[in-house]
Amino acid sequence: MEDNLLKVNQMTGFVLKYGQEVILALLILVVGLILANLVKKFSRQWLGKMTSNRTLISSVTNILYVLILFFVVGAALQQTGINTLVIRRILIGTTLIFVTLIIIFRHYIPTLPYKVGNTIKTGELLGKVEAMSLINTRIRTFDGNTIYVPNNKVLNDYFINYHVTPDRRIKVDVAIRYDQDLLKAKQILEILMISDPRTLSTPRPVVWVLNLEDSYVKLGARAWVENLKYWKTQCELFEKIKLRFDYEGIEFAFPQRDVHFYHGAKPFGQPDNIESEMMEMA
Amino acid sequence: MEVKEALKIIDEQWIRKPEGFRVHFQKLVDVDIITDYVPGTDEELLDSDVVAWRLAWKLSQISNKANDDEDIMFYNIYVVDDLGEPVDFYATGQPKIFNPRKE
């Protein structure tokens, strides 16, 4: 009983002695955190007007936030009377070591091979990267869905980053009937690709005869365009090919079979005495 | 002649790759015939002739419903390239003019 009373008295004495400083320190901490969040928010908005580089904006605002937090915590500790000199030295030393290690071993640090703003395809998912965190990546598909993909799911499977290379090849395969003018078809395809300002001159657009199939000749038109213009250019090329071929009288192929009827005449390859041979076999 | 030189001559003389497209049209303002372009001459060109011809067609459709409203009566609507030269209609490879009208 007396021990408990002693402890209560000690605590009361402690609170009376240091209570004001602790309350002030907590106040500094709370105000500082609010201030840090406001600064982060406004700096993000301000930087967003100056540049579209989201990675840069994110890095700068996070560094600002951490610095303000650093000073706020230091001021709060200072208010409580704790000598922050040692803590500051430890923090600065740790930061320097950390930064040095990152610089030396940056090539070995695993990172996601895409940035915010890249268009990627992971599995069946195609969309633009809106945000990245340590755990997941936020992707917005082209039909407006926002999907959160765990980073390990992305890294454990192959995926395509359409921003690694600036150009992409358009592939348009066309099937025409055997009785159509092949050279004319090739010429039209080549003209349509060359006259489009979006196709690159190097590598040049080309047309190949890919195969002689059962009921059609397969032509392959290939041209390179900038990544951003790929889909629209390809769609319009399909449209142009269809309309021009129709106008020029070049017919597209469709699956078909030729059936030959023989009226009275012996079919080619059939032996003269087929009936007697069939009797012998039976 | 090197292949490179030959290809360069071919690129210049056979099919010119335009830098972009505009829609050329004319309209009657009082008694004057004004020639204008969409997009304007100080604006960025369209990079697609399909889009340009579609725009030209839509302008012609407006004109068909104009009912003597001179503000939206457009004539001689066709697509031109960056040099102002008429561009063949992509579906036929032939010149095409919507709402032709002789001056």
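The values are calculated or read from the model by the stated rules, or taken from the named source; none is laboratory data. Just so it is clear, the structure is predicted and the values come from calculations on it, not from any experiment. FYI the Cβ positions are ideal-geometry reconstructions off the backbone, even for glycines, and counts take in every protein chain you see.
What to note about this one:
- Every residue from the stretch A:183-227 that is over 13 Å from A:D167 (Cβ atoms), among the aliphatic types (A, V, I, L, M) and surrounded by 15 or more Cβ atoms within 10 Å (Cβ to Cβ): A:A185, A:I188, A:L189, A:I191, A:L192, A:M193, A:I194, A:V207, A:V217, A:L219, A:A221
- Taking the criterion of being surrounded by 15 or more Cβ atoms within 10 Å (Cβ to Cβ), assigned to a strand (DSSP E or B) and not aliphatic (A, V, I, L, M), the residues of the stretch A:105-127 that qualify are A:T119, A:T122, A:G127.
- Looking only at the stretch B:9-51, and only at residues there that are charged (D, E, K, R) and in a loop (DSSP other than H, G, I, E, B), the one that is farthest from the other protein chains (Cβ to nearest Cβ): B:D30
- Scanning the stretch A:128-176 for residues that are aliphatic (A, V, I, L, M) and part of a strand (DSSP E or B) gives A:V129, A:A131, A:M132, A:I139, A:I147, A:V149, A:I160, A:I170, A:V172, A:V174, A:A175, A:I176.
- Complete set of residues in the stretch A:232-265 that are away from chain B (no Cβ under 12 Å), surrounded by 12 or more Cβ atoms within 10 Å (Cβ to Cβ) and aromatic (F, W, Y): A:F252
- Hits in the stretch A:202-223 (condition: within 17 Å of A:I191 (Cβ to Cβ) and of a type in the set (F, W, Y)): A:W208
- Scanning the stretch B:86-94 finds no residues that are more than 12 Å from every other protein chain (Cβ to nearest Cβ) and either more than 12 Å from the chain's Cα centre (by Cα) or not in a strand (DSSP E or B) (or both).
- Subset of the stretch A:225-280 [outside any loop (DSSP other than H, G, I, E, B) and at pLDDT below 75]: A:I274, A:E275, A:S276, A:E277, A:M278, A:M279, A:E280
- Among the criteria (1) touching a residue at least 24 places away in the same chain (Cβ under 8 Å); (2) among the charged types (D, E, K, R); (3) within 14 Å of chain B (Cβ to nearest Cβ); (4) out of contact with any helix residue (DSSP H, G or I) (no Cβ under 6 Å at 6 or more places or on another chain), the one A:E213 does not fulfil is (3).
- Put simply, of A:T61, A:T122, A:T55, A:T51 the only residue that is closer than 29 Å to A:V149 by Cβ, touching an Asp or Glu at 6+ places or on another chain (Cβ under 7 Å) and not small (G, A, S) is A:T122.
- The listed residue being in contact with a Ser or Thr (Cβ under 8 Å, 6 or more places away or on another chain) and modelled with pLDDT under 85, out of A:I87, A:I82, A:I57: A:I57
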